[in-house]
Each structure stands twice: as C-alpha cells, then as structure tokens.
Amino acid sequence: MPMQPDLAKLHIDPAKLEAVIALDFKDSLAIAMYQAIGLRQIKPLLSLVLTQFFLLGLILIFVLPISLVLIGNAGRLPEEPVAIAHLVLTLVGLSWLLLLAWTGYLWSRARQMKALARLMIEIDKFNDVIRAIDLLDQLKLADSGSGGDHSLPNRQEAIEALQLTQTSLMNALQVEKLLRLHQEMNNHRHEIVVKLEQNLTALMAFEVNNNADDYSRLLNDAVQISLSVHREMRNMKGIF
C-alpha cells in the first residue's frame with residue numbers, strides 16, 4: 001500500500017538531501033567515518049569497513065601490476081623467488097601506507113563534518129517516525145476496512161509537528177552548508193537560525209499526554225528530534 005500523500009511529502013529522501021548538502025564521495029565517507037567512530041553507530045561502521053577493504057583492493061590492483069611492470073622495464077626485477085616475495089610484500093606494505101594516509105586525511109575531514117554527521121542521524125530518526133506513522137495508518141485501515149481516518153486529532157498533531165521538524169532539519173542542513181562552504185554569508189545564516197527558533201517555539205506548544213496513543217508518542221519523537229537539531233545548531237561555531 002502506498003504511503004499517504006501527507007507522509008510522502010514529509011519523507012526526506014536522498015534526492016532532497018543532495019539538493020541541500022552537496023556532498024562529494026570523500027565527504028560521504030567522512031560522515032560515515034565520524035558516525036562509526038565518533039558516534040559509535042553500527043551500520044556506518046560496517047559500511048566504512050567494507051569501503052576501506054574495497055579501497056585497499058583497488059590500491060593493490062593498481063600498485064602491484066604497475067610497480068612490477070616499471071621495475072621489469074628498468075631491468076631490476078629479481079629472479080629469485082625469495083627476492084620476488086620480498087618485493088611483493090614491500091609493495092603490499094606501500095599499499096597499506098597509502099590506505100593509512102587516506103584514512104588519516106578522511107578522519108581530519110570527518111572531524112570538520114561532525115555536525116552534519118549528527119544531523120544525518122536525526123534525519124534517519126525522522127524518517128523512522130514517518131515510516132512508523134505509515135505503519136499505523138495501514139494497521140488502522142486494516143482494522144476499520146475504510147479509507148483511513150485523517151480526522152484523528154492526534155495524527156493531525158503528529159503531522160503538523162513533523163512538518164515543523166522537517167523544516168528545522170532542512171534549515172539546519174542549510175546552516176551547516178553555509179558554515180562549511182560560505183562562511184561569509186552571515187545575514188542569510190542568521191535568517192535561517194531565526195526560523196529554527198520559531199519552529200522550536202511552535203513545536204514546544206504541542207502538548208503530549210503521558211497516556212497518549214501511538215500517534216502522540218510519535219509526535220513526542222518529532223519534538224525530541226527538533227530539540228536535538230536545536231542543540232546541534234547551538235554547538236556550531238559562530239551561530240549564536
């Protein structure tokens with residue numbers, strides 16, 4: 001069953017992210033590295049390990065044959081098996097050094113992008129809330145046998161909170177991008193931060209009952225995501 005239009009509009013997919021944050025391959029790896037090492041996230045850790053092994057394989061594929069051909073053309077390729085093995089081990093060690101140098105550069109880049117790495121985790125949480133509401137919609141539809149009840153007040157409040165949260169997330173991504181790429185654009189950055197403050201104020205106006213239903217619990221999740229985004233904005237240098 002397709003997702004309800006109001007939820008589909010809120011979902012932050014890779015295309016929406018790419019339109020805002022403008023990351024290249026190394027920046028994506030840097031974010032995954034900080035999430036894996038700095039934030040101890042399992043999923044990016046597995047992705048990072050696989051990527052590093054893949055890069056090592058690429059380095060070996062290029063370094064070993066090219067080096068052996070160059071050494072052979074220079075007439076210095078040893079004939080003894082032991083000497084050849086020693087040469088191959090040396091080239092493998094060189095490949096490891098290249099990978100370590102790349103990893104060191106990537107970590108230095110990752111430390112510069114830690115704010116974006118944290119925001120990406122909040123976006124994952126936000127999308128999880130969207131999927132949870134979609135699941136609730138389908139369950140209620142199956143129970144009622146009708147077209148779904150969009151008049152449920154708790155659901156509507158959750159959608160409104162998610163709309164504000166989505167705006168806060170996208171604005172936070174814009175602030176991070178301005179800080180990372182265009183630090184001189186202070187006026188535009190200030191306008192976005194003001195919008196973030198306004199969205200947070202609006203979100204805090206929602207009341208969540210301790211005995212609330214599933215929709216209200218998801219509304220609370222949306223508020224918590226916005227609070228995390230707001231804290232991250234305060235941590236970014238030079239915003240306040």
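When Ile84, Ile59, Ile71, Ile66 are screened for being open to solvent by 70 Å² or more (accessible area, probe 1.4 Å), free of Cβ contacts under 8 Å to residues at least 60 places away in the same chain, among the β-branched types (Val, Ile, Thr) and assigned to a helix (DSSP H, G or I), only Ile66 passes. Whether any residue in region 27-44 is open to solvent by 30 Å² or more (accessible area, probe 1.4 Å), among the aromatic types (Phe, Trp, Tyr) and within 16 Å of the chain's Cα centre (by Cα) is what I want to check. The answer is no; no qualifying residue exists. Which is modelled with pLDDT of 85 or more and more than 24 Å from Thr165 (Cβ to Cβ), of Leu45, Leu17, Leu10? Exactly one residue qualifies, and that residue is Leu45. Every residue in region 1-15 that is without any contact (Cβ under 8 Å) to a residue 60 or more places away in the chain and either farther than 19 Å from Thr51 by Cβ or open to solvent by less than 60 Å² (accessible area, probe 1.4 Å) (or both), please. If the condition is that a residue be without any contact (Cβ under 8 Å) to a residue 60 or more places away in the chain and either farther than 19 Å from Thr51 by Cβ or open to solvent by less than 60 Å² (accessible area, probe 1.4 Å) (or both), then Pro2, Pro5, Ala8, Lys9, Asp13, Ala15 are the ones that fit.
Please find, within region 159-180, the residue that is modelled with the highest pLDDT out of those that are out of contact with any Leu (no Cβ under 7 Å at 6 or more places or on another chain) and of a type in the set (D, E, K, R). Only one residue tops the list, namely Glu160.
Restricting attention to region 87-134, the residues that are closer than 30 Å to Gln163 by Cβ, open to solvent by 30 Å² or more (accessible area, probe 1.4 Å) and in contact with a Phe, Trp or Tyr (Cβ under 8 Å, 6 or more places away or on another chain) add up to 1.
Among the residues making up region 16-43, a single one is of a type in the set (Phe, Trp, Tyr) and within 21 Å of Ala172 (Cβ to Cβ): Tyr34.
Tally up the residues in region 1-38 that are part of a loop (DSSP other than H, G, I, E, B) and of a type outside the set (Gly, Ala, Ser), please. Qualifying residue count for the region: 9.
The values are calculated or read from the model by the stated rules, or taken from the named source; none is laboratory data. Being a predicted model, the structure only gives us computed values, none of them experimental. Glycine also receives a Cβ, built like all others from the backbone with ideal geometry; neighbour counts cover every protein chain displayed. Protein only, heavy atoms only, side chains kept; ligands, DNA and RNA dropped before computing areas. Shrake-Rupley method; radii C 1.70, N 1.55, O 1.52, S 1.80 Å.
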